[in-house]
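Student: First the structure, which I've put down as structure tokens, then a few questions once you've had a look.
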Amino acid sequence: MIEIAGLSKTFGSGASAFTALKDINVTIQENEFFTLLGPSGCGKTTLLRSIAGFVDPSTGTLTINGEDILSKPPFARPVNTVFQNYALFPHMTVAENIGFGLEMQDRPKAEIKSVVGDMLELVQMTQMADRMTSQISGGQQQRVALARALAPKPEVLLLDEPLSALDFKLRKEMQIELKRLQAETGITFVFVTHDQEEALTMSDRIAVMNAGRILQIGGPKDIYDHPAERFVADFIGDTNFVDGEVKKVAGETAQVQLQSGKVIKARNVAGGATSGPVTVAVRPEHADLSAPGGLIDGTLKNIIYFGTDTHYHVQTDDGSTFVIRRQNQPDAVEAHEVGEKVGVTFNAGVAQILRD
Amino acid sequence: MAKARGFDIRRQNGFVFVALCCFVMLYLPIILLVVYSFNSGSSIAIWEGFSLKWYALAWQNDKVQDATILSLIIACCASFVATSAAVMAALATTRTNKFRGSALVFAMINQPLMIPEIVTAVALLIFFAMIKVYTGYTGLWYLIIAHSAFCIPFAYMPIRARLQGMDLSLEQAAADLYGTPWRVFRKVTLPQLWPGVLAGAMLAFVISLDDVVITEFVKSAGQDTLPTYMLGQIRRVVTPEVNAISTILLAISVALVIAFYKLSQRTDQSTKK
């Protein structure tokens, strides 16, 4: 279990000081696939490197299984890292690379040999054991980097955007591969990525980061269905933002009056405003077109066919654009046309009040 | 049809002429030196026929033998000491966080390149004279220490360049995999650094081997290195023996350069991604 409390990091000092991490608080469970998701420069890599020991946080505590590790140098921490550029040792063979951590721990030769054999098998690289790392492909280097980090059986495996250098098809394969390895080894994975789809498909839980802060932590479904902040809703998936005013609150639901005058039932799980003006988020696939007189009215501006689904862009009467996504059926005839007056509807509870 | 062509310095008027002049200036004297080392006569200006006699004479000359051995001992020791110091200096200036005065340290390491050699020579002469007064020691170590000192910047340059070009994440990966700093250095940094270390050591070796000024000032009586012996010879009678010795020195440095080139090519191939 990794417990991080009040962690922050400021680079430089005075006018040129840059705060990369602001008051990070998070607990990562044993055997969890935990993802740090955010745009580049959001601090996710700095947080990962703080756990590995390559960044020295300015304030805060960091423990692994109750043991403080901030005072320890990188080589004394029970974590291993898969680097973004793999960082394989070019003067060693594949097998020597994988055995390096065990060698540094002074394990017996026979044990190193058997563990390296197991690891080669685990990542399906047994045939390549004696190749130099320059003689194998990018995907194979990725597997070696993974095996090298897993071989000493660390308590936590840190992965720094390990799939970003691979092409699309290989990346999909490695996503499944990583999930399998995590299940087989039972090691806690802390995974850094800027790819929301990667985060949603692989993670047990996701921490969405921006500008050095963690904005929201939750399961993939939780984050997607109930984004707490505008940034989260915008960064993960597509979202329509609609302005309104809170009229009445009852537990986790609230009555919100839209600018059209219609009142909707919205969810307020993340602790948004309980009165006054708010922004609610509605996913395009959760809304549908109707005859004029819906929750929001407007003019159909664009119909875009995507194969699996069709996107309808509605210019609402208050001037913003609302996007609706409809799944396509075979041989269905398009019932709408551009320029038509339409309404937008969505079910009670799909709108999500955002925290500002 | 005239083809549109970009600027090419090789097509400028007089380019070939200037280039040829430079090469002639650089290499004609050396070629003549080599040619006259095979002269059968005793003049360094009048060709009298081919012979290897000056090589044989130089080989049999006890003074040349002694000076050669002394030169090699000093060059080996000095390049070893200078390279070791340069590796440590390069690590300290590339593998640490930026510290106050790091620019000053960099300048101080390279200062021997800038200080006029004659100044260093006089300073060392006086300094060692003081030590001689107190200790009475007149051995070889004065020369080894002096040579080590002025060879450090020459060894430092290629090592530092290599360290700066190396991927820092390799060392981080090694530390991450439980490597203590010393073992990371031995197992990951040094194997990568090796071509730089070799280049530094060879440069220091060659620089030490042909030093005249500092050696002339620091040496005690009877401690002649090859260059100071040759200087002494030229003052008396100049024979093609000096040409022969120079030619051998030339051959050694050319061989070192080629050896280094081959070696670095091989290491580059095995370390290339």
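Here, each number is a calculation from the coordinates, and none is a lab measurement. No experiment lies behind these values; they were computed from the predicted model shown. Neighbour counts are summed over all protein chains in view; Cβ atoms, including those assigned to glycine, are modelled from backbone coordinates with ideal geometry.
Student: Determine which member of the set A:76, A:95 is exposed (fewer than 15 other Cβ atoms within 10 Å of the Cβ), more than 27 Å from the chain's Cα centre (by Cα) and free of Cβ contacts under 8 Å to residues at least 60 places away in the same chain.
Tutor: A:76
Student: Would you mind telling me which numbered condition in (1) under 29 Å from residue B:219 (Cα atoms); (2) surrounded by 14 or more Cβ atoms within 10 Å (Cβ to Cβ) residue B:60 fails?
Tutor: It is condition (2) that residue B:60 fails.
Student: Still on this structure, I have one more. List pairs: first in region A:31-53 and under 15 Å from residue A:214 (Cβ atoms), second of a type in the set (Lys, Arg), Cβ under 6 Å, 6+ apart or cross-chain?
Tutor: A:34/A:205; A:36/A:44; A:38/A:44; A:46/A:9
Table: residues versus (1) within 13 Å of another protein chain (Cβ to nearest Cβ); (2) polar (S, T, N, Q).
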site	(1), (2)
B:141	no, no
B:149	no, no
B:161	no, no
B:173	yes, no
B:182	yes, no
B:192	yes, yes
B:203	no, no
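Student: For residue B:165, are the conditions met, namely being of a type outside the set (A, V, I, L, M), closer than 30 Å to residue A:132 by Cβ and surrounded by fewer than 16 Cβ atoms within 10 Å (Cβ to Cβ)?
Tutor: In short, yes.
Student: Okay, next question. Collect the residues in region A:109-138 that are part of a helix (DSSP H, G or I), more than 26 Å from residue B:190 (Cα to Cα) and away from chain B (no Cβ under 14 Å), keeping them in residue-number order.
Tutor: Of everything in region A:109-138, those that are part of a helix (DSSP H, G or I), more than 26 Å from residue B:190 (Cα to Cα) and away from chain B (no Cβ under 14 Å) turn out to be A:110, A:111, A:114, A:117, A:118, A:120, A:121, A:122, A:126, A:127.
Student: Next up: Any residue in region A:2-10 that is out of contact with any strand residue (DSSP E or B) (no Cβ under 8 Å at 6 or more places or on another chain), surrounded by 14 or more Cβ atoms within 10 Å (Cβ to Cβ) and hydrophobic (A, V, I, L, M, F, W, C)?
Tutor: No, because not a single residue in region A:2-10 is out of contact with any strand residue (DSSP E or B) (no Cβ under 8 Å at 6 or more places or on another chain), surrounded by 14 or more Cβ atoms within 10 Å (Cβ to Cβ) and hydrophobic (A, V, I, L, M, F, W, C).
Student: So for region A:252-260 (the condition being in contact with a Leu (Cβ under 7 Å, 6 or more places away or on another chain) and either at positive phi or part of a loop (DSSP other than H, G, I, E, B) (or both)), does at least one residue qualify?
Tutor: yes
Student: Can you name the helices (runs of 4 or more DSSP H) wholly within region B:108-189 that have at least 2 residues being under 30 Å from residue A:101 (Cα atoms)?
Tutor: Here the list reads B:141-165, B:168-176, B:181-184.
Student: For region A:263-305, what are the residues that are in a loop (DSSP other than H, G, I, E, B) and of a type in the set (A, V, I, L, M)?
Tutor: A:269, A:270, A:273, A:291, A:295, listed by residue number.
Student: Report whether or not residue A:53 is more than 8 Å from every other protein chain (Cβ to nearest Cβ) and either closer than 24 Å to residue A:139 by Cβ or of a type outside the set (A, V, I, L, M, F, W, C) (or both).
Tutor: Considered against the rule, which asks whether it is more than 8 Å from every other protein chain (Cβ to nearest Cβ) and either closer than 24 Å to residue A:139 by Cβ or of a type outside the set (A, V, I, L, M, F, W, C) (or both), residue A:53 comes out as no.
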